[in-house]
Amino acid sequence: MAGKTAKKADQSPGLFVKSYLFVYNFAQVIGWSYILFLVLNHYFMPMNSKTLWESVRLPLIIFQNAAVLEILHAALGFVHSNVLITTLQVFSRVMAVCGVLIPFEESQQSFGFVFLIFAWTITEIIRYSYYAINIVGNVPYFIIWCRYTFFIILYPIGASGEVISMYYAQDSVAHSKMFTVEMPNILNVTFSYRYFLLINMFLYLPLFPQMYLHMFAQRRKIIGGIPSKKTKAN
């Protein structure tokens, strides 16, 4: 019994790692809360002449791309997350920001962007709050419940927004040929960014259900048991 306890202690992150993870997650809570504020300000301030993309562009780029660190956190064992699932989740969003929204104005103005920014902000504020509080103490059941319930609606909305934004982007690429390499060229290679986006869109069909069902499995594990276990959820 003592051996098992010692083993668990060895596997738990040290003070430096815990402090780093708390600062990272707390900064993400602040960042995504600020993005939500900008979204609400955009819609409820009639004198605001900026588009929604212009309002949230800089903080969205900063805090969404910062999520790449989470792949490293999982790979180094800082957190007990599946590296593959983490990579898929992070890649889909970074791709949506850097490969779709930044270069294509059509995607910025699409209703897909409205869908994804709404879903992302709510999801991330809850998720990072859960992680930050879990590092320093027991997470209130209300936040646990939100973490493992809101995704039921927000995940499909966010994924739909990403796919819709990609659709508008690929339509733009079909005319502009942006990021496309055609022959003849010195390297004798060809690359169609439009087909790259289309492939990414169709990958949502097999991949999204797996991640969605994974969250349902986590929900059953975390809040499907007796109340005493819920307060100890990681």
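The values are calculated or read from the model by the stated rules, or taken from the named source; none is laboratory data. As the structure is a prediction and not an experimental result, all values here were calculated from the model. Quick reminder, even Gly has a Cβ in these numbers, built from the backbone with ideal geometry, and neighbours come from all protein chains shown.
Worth a mention:
- Near pairs, Cβ below 7 angstrom, 6+ apart or cross-chain, from segment 60-89 (within 17 Å of Trp120 (Cα to Cα)) to any residue that is part of a helix (DSSP H, G or I) and of a type in the set (Phe, Trp, Tyr): Phe63/Trp32
- Residues that are in contact with an Asp or Glu (Cβ under 9 Å, 6 or more places away or on another chain) and more than 28 Å from Ile135 (Cβ to Cβ) number at least 1 in the following helices (runs of 4 or more DSSP H) confined to segment 40-98: 52-65.
- Among the numbered conditions (1) over 16 Å from Val114 (Cα atoms); (2) of a type outside the set (Ser, Thr, Tyr); (3) surrounded by fewer than 17 Cβ atoms within 10 Å (Cβ to Cβ); (4) modelled with pLDDT under 95, the only one that Asn65 does not meet is (4).
- Filtering segment 147-180 to residues that are assigned to a loop (DSSP other than H, G, I, E, B), surrounded by fewer than 19 Cβ atoms within 10 Å (Cβ to Cβ) and of a type in the set (Phe, Trp, Tyr) leaves Phe150, Phe179.
- Selection count, segment 142-193, where residues are more than 23 Å from Ala96 (Cα to Cα), out of contact with any helix residue (DSSP H, G or I) (no Cβ under 9 Å at 6 or more places or on another chain) and of a type in the set (Phe, Trp, Tyr): 1
- Scoring Tyr20 on the criteria (1) at pLDDT below 95; (2) surrounded by 13 or more Cβ atoms within 10 Å (Cβ to Cβ) leaves a single failure, condition (1).
- Conditions (1) within 28 Å of Leu203 (Cβ to Cβ); (2) at pLDDT 95 or above: number failed by Ile143: (1)
- Subset of segment 104-146 (residues that are of a type in the set (Gly, Ala, Ser) and assigned to a helix (DSSP H, G or I)): Ser107, Gly112, Ala119, Ser129, Ala132
- Output for segment 181-206, where each listed residue is part of a helix (DSSP H, G or I) and hydrophobic (A, V, I, L, M, F, W, C): Phe196, Leu197, Leu198, Ile199, Met201, Phe202, Leu203, Leu205
- Cβ-Cβ contacts under 6 Å between residues 6 or more apart (or on different chains), taken from a first residue in segment 18-42 that is touching a residue at least 60 places away in the same chain (Cβ under 8 Å) and among the β-branched types (Val, Ile, Thr) to a second residue that is in a helix (DSSP H, G or I) and surrounded by fewer than 19 Cβ atoms within 10 Å (Cβ to Cβ), are listed as Ile35/Pro59.
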